[in-house]
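What follows is one structure encoded as structure tokens, with my remarks underneath.
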Amino acid sequence: MRSRAVTMGKIADILTTRGQTDEALRLWREDVLPAFERLGDVRSRAVTMGKIADILTTRGQTDEALRIHLNERLPVAQQTQDLDSLAHIRFSCATIRLRRGGLQNGEAATIAEECAESYDLYQRIGRADGVAVVGALFGQILAAAGQTEEALSVLDQAADAYTTLGESQHVEHIRTIQASIRKAKE
């Protein structure tokens, strides 16, 4: 049963990549999720729910996607002390809130908190990719909140992480953002 669920999940990932999200969502909901529930595999169930939430987010169903992250995935990650999943969930929540206009709709503090937690967790577990991606966004949020020095520091660390990953275009982009922040400060 597990190997079939894993295989169906891989097929759903391929379908998602190809833009066939209706069929991918059907596979996640009707094949993969029930299999992991029958097996009692709470972690794989939570990962599957994340895949469902990702598809819902791309479809603009952000309220349901956020609910899944907060109510279905977060408790499992907290209970199992899965720091990588916690960081991913917090960042996913922040990006969903941003997507639905959260900075303008009173969610700025929550978005900043979620980014801060995600960023700190990725630093703690040494995930350069997480530090890079989350740091790039978190730094900009800090700058928008007027926390210029902290923003520049976070962006420096994100640029360093991108350097480690060999992503020079992203480093250049971050340096451009930093220059804009410094110029606005003058």
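Here, each number is a calculation from the coordinates, and none is a lab measurement. These numbers come from a predicted model, not from an experiment. In this analysis, Cβ positions are derived from the backbone assuming ideal geometry, glycine residues included, and neighbour counts consider all displayed protein chains.
For the chain, relative contact order (Cα pairs under 8 Å, six or more residues apart, normalised by length) works out to 11 percent.
Basic side chains Lys and Arg get +1 at the Cβ, acidic Asp and Glu get -1 at the Cβ, and with that the dipole of the range 1-59 about its Cα centre reaches some 120 debye.
Averaging Cα coordinates gives a centre for the range 40-105 and one for the range 154-183; these two points are 27 Å apart. With angles folded into 0 to 90 degrees, how steeply does helix 128-144 sit against the dominant principal axis of the chain? Use alpha carbons for both and round to 10. With rounding to tens, the tilt is 50 degrees. Running a GNM on the chain with Cα contacts under 10 Å, which residue among His88, His173, His69 ends up with the highest mean-square fluctuation? Result for the chain, Cα springs under 10 Å: His173 fluctuates most.
A Gaussian network model of the chain, with springs between Cα atoms under 10 Å, assigns the largest mean-square fluctuation among Ile125, Ile89, Ile68 to Ile125. Only Cα sites of the range 108-186 enter the Debye sum here, all with the same form factor; the resulting log10 I(q)/I(0) across q = 0.16 1/Å is -0.51, listed in q order. Over the range 1-69, what portion of Cα pair distances is larger than 18 Å, expressed as a whole percent? Of all Cα-Cα pairs in the range 1-69, 32 percent lie more than 18 Å apart.
Within the shell defined by Cβ-Cβ distances under 11 Å, the residues around Ile89 carry a net charge of -3, with Lys and Arg each +1 and Asp and Glu each -1.
Quick one: in the chain, what % of C-alpha pairs are over 25 Å apart? When all Cα pairs of the chain are counted, 42 percent exceed 25 Å. Between Thr148, Thr17, Thr48, the residue with the greatest mean-square fluctuation in the GNM of the chain (Cα pairs under 10 Å linked by springs) is Thr17.
Using DSSP loop states and a limit of at most 13 other Cβ atoms within 10 Å to flag trypsin sites (Lys or Arg not before Pro), what is the longest stretch of the chain containing no flagged site?
Details: sites that count: Arg18, Arg59.
With trypsin sites (Lys or Arg not before Pro) excluded where exposed in loops, the chain gives 60-186 as its longest stretch.
Given +1 at the Cβ of Lys and Arg, -1 at the Cβ of Asp and Glu and no other charges, the dipole of the chain around its Cα centre is 460 debye to the nearest 20.
Distance between the 7 Å Cα→Cβ label points at Ser180 and Met1: 5.1 nm.
Of the residues Phe138, Ala5, Thr62, the one whose Cα sits farthest towards the positive end of the charge dipole of the chain is Ala5 (charges of +1 on Lys and Arg Cβ, -1 on Asp and Glu Cβ, taken about the Cα centre).
Let me know the charge dipole size of the range 108-186 about its Cα centre in debye, to the nearest 20, where only the beta-carbon of Lys, Arg (+1) and Asp, Glu (-1) is charged.
200 debye
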